[in-house]
1. Which of the residues that make up the range 34-70 are of a type in the set (Phe, Trp, Tyr) and either in contact with an Asp or Glu (Cβ under 9 Å, 6 or more places away or on another chain) or outside any strand (DSSP E or B) (or both)?
2. Regarding Ala31, is this residue open to solvent by less than 70 Å² (accessible area, probe 1.4 Å), small (Gly, Ala, Ser) and either in a helix (DSSP H, G or I) or at pLDDT below 95 (or both)?
3. So in the range 34-60, with the set limited to residues that are without any contact (Cβ under 8 Å) to a residue 40 or more places away in the chain and among the charged types (D, E, K, R), which one is surrounded by the most Cβ atoms within 10 Å (Cβ to Cβ)?
4. Across the range 10-46, which residue is farthest from Gly60 (Cα to Cα) among those that are touching a strand residue (DSSP E or B) at 6+ places or on another chain (Cβ under 7 Å) and of a type in the set (S, T, N, Q)?
5. Taking the condition of being of a type in the set (Asp, Glu) and within 16 Å of Arg46 (Cβ to Cβ), how many residues in the range 1-34 meet it?
6. Among the residues of the range 45-80, which ones are touching a Gly at 6+ places or on another chain (Cβ under 9 Å) and of a type in the set (Ser, Thr, Tyr)?
7. Under 8 Å between Cβ atoms, which residue pairs at least 6 apart in sequence (or on different chains) link something in the range 7-27 that is open to solvent by 80 Å² or more (accessible area, probe 1.4 Å) with a partner that is modelled with pLDDT of 90 or more and of a type in the set (S, T, N, Q)?
Amino acid sequence: EIYPIIEREYGVVVRRVVQTIEAAEADANIASRLNIAIGSPVLLVRTLFHGSDGKVVEIGLAHFPAGRYKVRIALDRKAG
């Protein structure tokens, strides 16, 4: 996991992670890195890591070509 590394290396406790996934088109830079045509569909994944004070301590950006990203979400209801 990345959280213990961030905590150990930077002394920052990550309390919240927010990830946004959106459809986008590959610009020239991304297309060349992914070996796809300019304008091809990609998923842009932006991840914000928040410290215990609420400030963003790290931002992750990743681009995935079609067929190379899968999302699975499981929701469990707490007994109540």
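The values are calculated or read from the model by the stated rules, or taken from the named source; none is laboratory data. Keep in mind that this is a model prediction, so the values were computed, not measured. When we count neighbours, we look across all protein chains shown, and the Cβ atoms used for this are built from the backbone with ideal geometry, even at glycine. Calculation scope for accessible area: heavy atoms of the full protein, side chains included, ligands and nucleic acids excluded. Shrake-Rupley method; radii C 1.70, N 1.55, O 1.52, S 1.80 Å.
1. The first filter runs over the range 34-70 and keeps only residues of a type in the set (Phe, Trp, Tyr), leaving 49, 64, 69.
Within the range 34-70, Phe49, Tyr69 qualify.
2. Here the answer is yes, as Ala31 does meet what is asked.
3. Here the answer is Arg46.
4. Applying the filter and picking the extreme gives Ser40.
5. 3
6. Thr47
7. As it stands, the answer is Gln19/Thr47; Glu25/Ser40, since those pairs meet every condition given.
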